[in-house]
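Laboratory data are not the source of any read-out in this text; all were calculated from the coordinates shown. Remember, it's a predicted structure, so these values are computed and weren't measured experimentally. A quick note on method: Cβ atoms are made from the backbone with ideal geometry, for glycine too, and the neighbour counts reach across all protein chains shown.
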Amino acid sequence: MAERRRYPSVRVDLTGLGSRPLLEGWALVREERGDGAVVVGRAYGVAGHLDGTIITSRPVQAIDPEAGWAWTYGMGLVRLGECLDPEGAAAVKL
């Protein structure tokens with residue numbers, strides 16, 4: 001699955017990606033309210049959450065699972081580990 005952006009004008013600065021919070025065992029799913037998508041996964045290094053806690057991001061603005069990152073409102077740039085359902089994630093519209 002290649003890089004995707006919700007809006008073409010979204011610019012993502014990948015500087016410092018290696019030190020950003022990590023989401024493991026993640027899935028890209030439709031947002032319950034609205035028309036976008038969110039990432040759900042086990043969080044590591046996210047302020048205010050114990051490592052391994054399952055969290056749901058705010059709306060995803062850009063994502064590149066092959067390169068291992070997503071940009072969301074709220075958390076900004078996050079690293080992505082293993083995706084639970086790559087085909088399902090590829091089918092979700094940002």
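At-a-glance table
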quantity: Qualifying chymotrypsin sites (Phe, Trp or Tyr not before Pro) in the range 28-94, DSSP loop, other Cβ atoms within 10 Å at most 14; calculated: Tyr73
quantity: FRET E, pair Thr56, Asp13, Förster distance 25 Å, beta-carbon r, rounded to 0.05; calculated: 0.60
quantity: The chain, relative contact order in percent, only Cα pairs under 8 angstrom and at least six apart counted; calculated: 35
quantity: Selected from Leu23, Val10, Val38, residue furthest toward positive end of dipole (the chain; charges at beta carbon); calculated: Val10
quantity: Binned Cα-Cα distances of the chain, short to long, each 5 Å bin given as a whole percent; calculated: 3, 15, 28, 29, 18, 7, 1
quantity: The chain - charge dipole about Cα centre, Lys and Arg +1 at Cβ, Asp and Glu -1, debye rounded to 20; calculated: 340
quantity: Radius 14 Å from Cβ of Leu80, net charge of other residues (Lys, Arg +1; Asp, Glu -1); calculated: -2
